[in-house]
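Reading through the structure tokens given below for one structure.
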Amino acid sequence: MAETTTRAKLRWGLLDVIVVVFALVPVLWIASLSFKTPGTLTDGRFWPREWTLDNYRTIFETDQFVRALANSIGIALIATAIAVVLGAMAAYAISRLDFPGKKLLVGVSLLIAMFPQVSLVSPLFEIERQLGLFDTWPGLILPYITFALPLAIYTLSAFFKQIPWDLEKAAKMDGATQGQAFRRVIAPLAAPGLFTTAILVFIFCWNDFLFAITLTSTERARTVPVALSFFTGESQFEDPTGAICAAAVVITVPIILFVLFFQRRIVSGLTSGAVKG
Amino acid sequence: MADIVLDKVGKRFPDGTVAVRDVDLEIADGEFVILVGPSGCGKSTTLNMIAGLEDISSGELRIGGQRVNDKAPRDRDIAMVFQSYALYPNMTVRENMAFPLRLAKLDKETINSKVEEAAKVLELTPLLDRRPANLSGGQRQRVAMGRAIVRQPKAFLMDEPLSNLDAKLRVQMRTVVSRLQKQLGTTTVYVTHDQTEAMTLGDRVVIMRGGAVQQVGPPQELYDHPRNLFVAGFIGSPSMNFLHAAVQDGKLRTAVGDVPIGDRIRRGLEAGDAPRELILGIRPEHFEDAELVDDDTRRRGLEFEAPVDIVESMGSDKYVYFTVEGERASAAELEELAADAGADFSGGGAGLVTRLSAESAVREGESRRVWFNLEKIHLFDPSTGRNLTLHEGRSSGALAD
Ligand SMILES: Nc1ncnc2c1ncn2[C@@H]1O[C@H](COP(=O)(O)OP(=O)(O)OP(=O)(O)O)[C@@H](O)[C@H]1O
Ligand SMILES: [Mg+2]
């Protein structure tokens, strides 16, 4: 019995290691490249022979990258905040109320999530140019919200459905308005859901390349993934690989921070003890 | 403190279900009223309408003389205890109890002293800093009570608050609820499924069936003078025995012999539309082993002989089950009661449940002579369920002329 469990543990452990290595090797490779000097860049070694921070210095010295980073952070944060707030309200209504057109609403949001984004790019480009939204922050924030909302609504309504309705009734009996009941009782309990959704939406906005490249043309609204593709290096003769790698490392940092920051708040089983079922 | 008046209150859900119809009820200030009835009869809906959690479809609800139909729950100043307790899991016990006070914007010191006081009454003081997840069922129940009483509301509403507790704890909490209500003197409406809670807790009991009130009165009155078949069968455990009875030659022909018709019964039967086929109702405790009945008592009742099926000795008395021949009593109410009580319900069958003295030497398998008290019998109209023995003088039995 004990033997099988240790064997099982070993097997699982091995499997985990394989998966982690498989996922992390490219990341580590990029990190390694970002620390190499142009001369040793192509030596094929995993561990850099000569360490240098030049690549990082380069990218932070170029205005291009810093502007793109600011754009990325700003756009992703705003889009996430709006999508989560709107999504929370929609999901709450869907999980709690029976209103005419509810099925339609859910169906349409599913449709949006499934719609191939590539086919929307050209019309969006035209629309945004007409409206003057092209190459602006709102020009990216709006489509991001549109495509993040279905995701937000789905994840959040699953979370809201788990919260006993009696809690809301109890809050109302205790003298809370509908808004207070939501903010002080329901939202804290749905917090894990809100944070999970926020992470997913943020990653979606942060990683987007398609919209960012078609709906921007200058540094005004260009985000990092796009800026990276325009990287040329200091001069025509310089190989930008090292700088691109450094930039790639830099842009994973906010994601990691974001996840770490919110992960601590995702305490599951928060609703236990509320009601006796 | 306030009285609660339901004036022809009704509830129709959007899907067409009529859950409550024309309920008239006046609950006096400080009164403890129990709503009881089978599952789905509209007890919770009625309570939720008083609370303001459900809209009232028709009629008027007045609390303290004021019409509150359109007021939000928070403007009605009523506290509610839920069957599921509904404690806020993200808050400690102290925060849970303080929540209504914080919403009422009281200052910190007042809140603290009120919470401490309520905690003391409910013996929750050592638990104040725990979270609901780390409490036992009974403790959670008391926190839910605490949250209701801190605010000193006009009324308490409780929806089956004890039904999630085990039997022993339930008995214990029943006394807590009872004591608390007497101490605070707050108007209370209490929904329950439980016979014992209904009989012991309240000043008055409201029996509901299919959204309509069947009878309202003190527990003892409902027990002694049920207005109809449904109330008679619902109140009492084991429940009343129902037998088919046919009016023939000035007598009632039943499976337990021919019952003479007294003057008062006759008057009830002669009054207009009384049918020839009736249902006879006798409570288990109105039977007695014929050997143990003295002559004086014997004259007030009737004897019959029947085979003994099962004897259950309870120590203080014996539950004896007899099989009697003859037609089963049948009525819509009885079927409903049987469905609600599940297999336990024996009122509708040909079996007879009796409660005899512990001294009775009755044994299973033998045939035994049994006496029953004619003054205590009830006669019901099978089609309307009306109790025909219930007249102006109420306490009248068949022979009491
Ligand atoms: N939202 C709703 N829509 C339609 N019908 C409903 C709704 N809520 C309750 N009902 C119906 O109303 C009737 C009364 O329900 P209610 O919850 O008041 O019963 P209850 O007496 O509390 O029963 P229980 O003892 O099982 O709690 C039931 O037939 C139920 O199916
Ligand atoms: Mg109920």
Taking the condition of being open to solvent by 30 Å² or more (accessible area, probe 1.4 Å), assigned to a loop (DSSP other than H, G, I, E, B) and at pLDDT 90 or above, how many residues in the range B:346-364 meet it?
5
Counting just the residues of the range B:172-209 that are part of a helix (DSSP H, G or I), surrounded by 22 or more Cβ atoms within 10 Å (Cβ to Cβ) and within 16 Å of ligand 1 (Cβ to nearest atom), which one comes out farthest from the other protein chains (Cβ to nearest Cβ)?
B:ALA198
Just one of B:GLY37, B:GLY16 is surrounded by fewer than 22 Cβ atoms within 10 Å (Cβ to Cβ), within 12 Å of ligand 1 (Cβ to nearest atom) and farther than 26 Å from B:ARG147 by Cα; which is it?
B:GLY16
Do the conditions hold for B:ALA119, that is, is it away from every other protein chain (no Cβ under 14 Å), assigned to a helix (DSSP H, G or I), under 30 Å from B:PRO38 (Cβ atoms) and in contact (Cβ under 8 Å) with a residue 12 or more places away in the chain?
no
Taking the condition open to solvent by less than 60 Å² (accessible area, probe 1.4 Å), away from chain B (no Cβ under 13 Å) and in a loop (DSSP other than H, G, I, E, B), does A:PHE160 pass?
no
Test for B:GLY137: is it within 30 Å of the chain's Cα centre (by Cα), more than 14 Å from chain A (Cβ to nearest Cβ) and either within 16 Å of ligand 1 (Cβ to nearest atom) or of a type outside the set (Phe, Trp, Tyr) (or both):
no
For B:VAL370, which of the numbered conditions (1) open to solvent by 20 Å² or more (accessible area, probe 1.4 Å); (2) under 20 Å from B:ASP296 (Cα atoms); (3) aliphatic (A, V, I, L, M) fails to hold?
(1)
Residue under evaluation B:ARG94, criteria (1) in a helix (DSSP H, G or I); (2) in contact with an Asp or Glu (Cβ under 7 Å, 6 or more places away or on another chain); (3) over 12 Å from B:ALA148 (Cα atoms); (4) within 9 Å of chain A (Cβ to nearest Cβ), criterion not met
(4)
Somewhere in the range B:68-78, is a residue in contact with a Lys or Arg (Cβ under 6 Å, 6 or more places away or on another chain), of a type in the set (A, V, I, L, M) and more than 9 Å from chain A (Cβ to nearest Cβ)?
yes
Could you list, in sequence order, the residues of the range B:10-49 that are assigned to a helix (DSSP H, G or I) and within 12 Å of ligand 2 (Cβ to nearest atom)?
B:LYS43, B:SER44, B:THR45, B:THR46, B:LEU47, B:ASN48
Selection from the range A:96-107 of residues part of a helix (DSSP H, G or I) and touching a helix residue (DSSP H, G or I) at 6+ places or on another chain (Cβ under 9 Å) yields A:ARG96, A:LYS102, A:LEU105, A:VAL106
Confirm whether B:ALA212 is more than 30 Å from B:HIS225 (Cα to Cα) and either within 16 Å of ligand 1 (Cβ to nearest atom) or within 14 Å of chain A (Cβ to nearest Cβ) (or both).
no
Going by what's in this entry, would B:ALA155 be described as away from ligand 1 (no atom under 16 Å from the Cβ) and open to solvent by less than 10 Å² (accessible area, probe 1.4 Å)?
yes
Considering the range B:145-171 alone, what residues qualify as being within 16 Å of ligand 2 (Cβ to nearest atom), in contact with a Phe, Trp or Tyr (Cβ under 7 Å, 6 or more places away or on another chain) and facing chain A (nearest Cβ under 10 Å)?
B:ASP159
Taking the range A:171-204 only, how many residues are among the β-branched types (Val, Ile, Thr), crowded, with 18+ Cβ neighbours inside 10 Å and facing chain B (nearest Cβ under 8 Å)?
1
Taking the condition of being outside any loop (DSSP other than H, G, I, E, B) and free of Cβ contacts under 8 Å to residues at least 24 places away in the same chain, how many residues in the range B:50-73 meet it?
3
Take the conditions within 21 Å of A:ALA170 (Cα to Cα), away from ligand 2 (no atom under 15 Å from the Cβ) and either within 20 Å of the chain's Cα centre (by Cα) or not charged (D, E, K, R) (or both) and apply them to B:ASN69. Does it pass?
yes
Residue check: is B:ILE56 in contact with an Asp or Glu (Cβ under 9 Å, 6 or more places away or on another chain), open to solvent by 10 Å² or more (accessible area, probe 1.4 Å) and more than 12 Å from ligand 2 (Cβ to nearest atom)?
yes
Do you know which of the residues in the range B:373-391 that are over 16 Å from B:ASP224 (Cβ atoms) and hydroxyl-bearing (Ser, Thr, Tyr) is least open to solvent (accessible area, probe 1.4 Å)?
B:THR384
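The values are calculated or read from the model by the stated rules, or taken from the named source; none is laboratory data. This structure is a prediction, so every number in the text was calculated from the model and none was measured. Virtual Cβ from ideal backbone geometry, glycine too; neighbours counted across all protein chains shown. Side chains included, ligands, DNA and RNA excluded: accessible areas come from the protein's heavy atoms. Shrake-Rupley method; radii C 1.70, N 1.55, O 1.52, S 1.80 Å.
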